[in-house]
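One structure below.
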Amino acid sequence: MIRKTKRFLTYTFLIASVVITLFPIWWIFATSLETSRRAYSFPGALIPQLHWQNYRAAWLLAPWFRFLANSVGIGLITTVLALSTSILAAYALVFMANRWNKPIFGIILATMMVPFYSIMIPDYLIVRDLGWLNSYTAQIIPFAANGFAVFLLVQFMRTFPKELRDAARIDGVTQWGYLWKIIVPNLIPAITTVGIYLFLLSWNAFLWPLIVTNGPQVQPIGCTLFL
Amino acid sequence: MNAEHKAQPIGYLYLMPALIVFLLFWIVPLMMVAGFSLFHFEYGTHPTWVGLSQYVSLFQTNLFWQSVRITFEFAIAVVLGGTAISLLFATLLYSGLRAQGLFRSLFFLPYVMPVVATSTVWLWMYQPNLGLVDQLLGALGFSNKIGWVNTPNLALVSLIIYTVWLSFGFTTLLFMAGLTNISNELTEAAAVDGATAWQRFWRITWPLLSPTTFFVLVVNMINSFQAFTQIYALTRGGPINGTTTLTYYIYQTAFNYFHFGQASAIAVIFFLLILALTGIQFWISRRSVFYEA
C-alpha cells in the first residue's frame, strides 16, 4: 500500500515537472498558430486555433531559407573540416611515436581551457586582416580544429588493440591506409559522437557571427532573429 | 627492431592542419590579447603603450567589480540550483521507474533547442503585464506586474531561472549515467540491514556518486561563467548593467565602445579566472572525490 502511494506520488511529481518544463516550448508553438489578438489574452493561447496563415506571413517576412541554408552549410563544412584535422592529429599522436608528441598534445589540451571570449578581439583583427569579414570563411576556419575533439579521439584510439597495427604492418599496410581503412571504420560511433558535438557547437554559434558578419547574405539563422 | 619505437617524422605532417588552426586562432591570439592589454588601443587608432595602467583603472572601476560579482552570483546560483534539481530528478527516475527513458528525453528537450530560439520564448514570457509569467502571477492574486527582465533585481533571477531550465536535463542525464555505474548490491545489503532510503542515499549513493557530482559541477560552472547568448537575448546586460557578466562586459567594451585595449585587460582577467577555477576544481577532486577502486 505504502509502496503504491509512493509510486503514485513520484509519477504525479514527475509528470507535473515535465508539464512545467515543456510548457514554454508548447506555448510558443501554440502562440505561433494564434491570431495576434488572442495571443495576448490569457489564457488565450493554451489551446491553439490552428491559424496556419502566420507561417505564410512569417515566411514572406525575410529570406528564412537563405538563413537556414547558411546555418546548415556552415555547420556541415565546419564539422567535416574539424573532424578531418582532429582525426589526423589524434592518429599521429597515438600511432606515430615522435619526440614532440607530448608537448604538442599538451598545447592542444591547453586550448580547451582558453575561453573564446578571451581571444575574440585578436581573432576579430586577424580575420579582418585576412579580408574575411562578412564571409563564410570567417565563420568556418577558426573552428576547423577542436581541442576537445582531438582529446576524445585520442582517448578512443588508445583503446584500440595494438596487435592489429602489427598484423596490418606485416601485411604491408601503410600508415595512411591503416588510418582510413581500419581505424576510421572501426571508430564510426565515436566519430559520430564527436561530429554531433562539433555540429551543435557551430549551429549554436551566436556571438562570433554577430561580430564578423553584417549582412543577411552569410549570416546563420540564429543571428538574424535579433536584427 | 620494433618500428613502433622509431621516430616517424611524417606524423608532424598529420598534425600540421590542426596545429595551424590552433596556433593562428587560439595560441597567438592569447598572446596578442595579453599584449593588447598593455596598450591604450581604440579601434581605428594607433595603440599607445600604457603598461599596467588599464588594469589599475579597471580595479578602480565599480562596473568591473560589479560584473565580477554578477558573474559569480549567476554561476553559483545556476550551479547549485541546477545540480540539486537534476540530482533529485536523476535519483527519482533511477529508482526503478518504467518510463525513465521517456522522462529523461523530455527533460533533455530544452537543452537541444537553440538557445537563441528558447530565450526568445522566455523573453516573451517575461514581458511586463502581457507576459505569461506576470499573467500567471496575476491570476494567482499577485499584482506585481512590473516585468521581469526590466526590473534591476529580477533580471538576474530571470536569467538564472532560464539557464537552469535550459541545462538541468543535460545534468540529469550525466547523473543517471553515474548512477548506472553504482552496483545495486551495496544499497540492497544496506536495505536488508534496515537502512532507510534517506540513509542509503546519503551514506552510500552520494559518496559513490561523487566523481559524477564533481564532473557535473565543473561542467556547469565553466558553462555558466561563459554564458552569453541568453544575456544578449533577454537583458543585453541591463537594466543599469544589472546583468553585465564578465563575458558581456568584454563584448560591450570591445564591440560597442571599441576600447580594444581595455577589453583585452578584462579578457586576460577572465582567462586567469577560468584557469584558476579549473585548477582549484582539480585540486579538490584529487583530495576529496571518492573513486571506487
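The values are calculated or read from the model by the stated rules, or taken from the named source; none is laboratory data. Note that the structure is predicted; figures quoted are calculated from it, not measured. Virtual Cβ from ideal backbone geometry, glycine too; neighbours counted across all protein chains shown. For accessibility, only protein heavy atoms count, side chains too; no ligands or nucleic acids. Shrake-Rupley method; radii C 1.70, N 1.55, O 1.52, S 1.80 Å.
Points to keep in mind about this one:
- Scanning the range B:27-45 for residues that are at pLDDT 90 or above and open to solvent by less than 40 Å² (accessible area, probe 1.4 Å) yields a count of 6.
- Of the numbered criteria (1) under 16 Å from the mean Cα position of the chain (by Cα); (2) at the interface with chain B (Cβ under 9 Å from one of its Cβ atoms); (3) free of Cβ contacts under 8 Å to residues at least 24 places away in the same chain, the one A:Ser86 fails is (3).
- Flag for B:Leu123 being under 16 Å from B:Leu173 (Cα atoms), open to solvent by less than 50 Å² (accessible area, probe 1.4 Å) and assigned to a helix (DSSP H, G or I): no
- For the range B:23-64, a residue qualifies if it is of a type in the set (Phe, Trp, Tyr) and either in contact (Cβ under 8 Å) with a residue 60 or more places away in the chain or farther than 18 Å from A:Tyr117 by Cα (or both), and the qualifying residues are B:Phe36, B:Phe39, B:Phe41, B:Tyr43, B:Trp49, B:Tyr55, B:Phe59, B:Phe64.
- The lone exception for A:Ile141 - which of (1) open to solvent by less than 70 Å² (accessible area, probe 1.4 Å); (2) at pLDDT below 95 it fails: (2)
- Residue list for the range A:121-151, restricted to those being facing another protein chain (nearest Cβ under 8 Å), more than 12 Å from B:Leu24 (Cα to Cα) and hydrophobic (A, V, I, L, M, F, W, C): A:Ile121, A:Val150
- Residue satisfying condition, being at the interface with another protein chain (Cβ under 9 Å from one of its Cβ atoms), in a loop (DSSP other than H, G, I, E, B), open to solvent by less than 30 Å² (accessible area, probe 1.4 Å) and not polar (S, T, N, Q), within set B:Leu130, B:Leu97: B:Leu97
- All helices (runs of 4 or more DSSP H) inside the range B:173-280 with 1 or more residues being away from chain A (no Cβ under 12 Å) and crowded, with 22+ Cβ neighbours inside 10 Å: B:210-225
- Tally of residues being farther than 16 Å from B:Leu123 by Cα and in contact with a Leu (Cβ under 8 Å, 6 or more places away or on another chain) across the range B:228-249: 5
- When we screen A:Ile47, A:Ile15 for residues that are at pLDDT 75 or above and surrounded by fewer than 15 Cβ atoms within 10 Å (Cβ to Cβ), the only hit is A:Ile15.
- Test: A:Thr79 is modelled with pLDDT under 95, within 24 Å of B:Phe228 (Cβ to Cβ), in contact with a Gly (Cβ under 8 Å, 6 or more places away or on another chain) and β-branched (Val, Ile, Thr): no
- Filter pass, A:Phe116 being out of contact with any Cys (no Cβ under 6 Å at 6 or more places or on another chain), within 12 Å of chain B (Cβ to nearest Cβ) and not basic (Lys, Arg): yes
- Boolean, A:Ala92 is touching a Leu at 6+ places or on another chain (Cβ under 8 Å), within 13 Å of another protein chain (Cβ to nearest Cβ) and free of Cβ contacts under 8 Å to residues at least 60 places away in the same chain: yes
- For the range B:133-172, the set of residues classified as polar (S, T, N, Q), outside any helix (DSSP H, G or I) and open to solvent by 40 Å² or more (accessible area, probe 1.4 Å) consists of B:Ser143, B:Asn144, B:Asn150, listed by residue number.
- Residue check, B:Gly81 away from chain A (no Cβ under 12 Å) and either part of a loop (DSSP other than H, G, I, E, B) or modelled with pLDDT under 90 (or both): no
- Hey, A:Thr192 open to solvent by 40 Å² or more (accessible area, probe 1.4 Å), within 11 Å of chain B (Cβ to nearest Cβ) and farther than 17 Å from B:Val28 by Cα or not: no
- Unique residue being open to solvent by 50 Å² or more (accessible area, probe 1.4 Å) and hydroxyl-bearing (Ser, Thr, Tyr) when the list is B:Thr61, B:Thr48: B:Thr48
- Scanning the range A:197-227 for residues that are open to solvent by less than 60 Å² (accessible area, probe 1.4 Å), assigned to a helix (DSSP H, G or I) and either out of contact with any Cys (no Cβ under 7 Å at 6 or more places or on another chain) or more than 12 Å from every other protein chain (Cβ to nearest Cβ) (or both) yields A:Leu198, A:Phe199, A:Ser202, A:Leu207, A:Trp208, A:Ile211, A:Val212, A:Ile221, A:Gly222, A:Cys223, A:Thr224.
- Test result for A:Ile77, part of a helix (DSSP H, G or I) and surrounded by fewer than 20 Cβ atoms within 10 Å (Cβ to Cβ): yes
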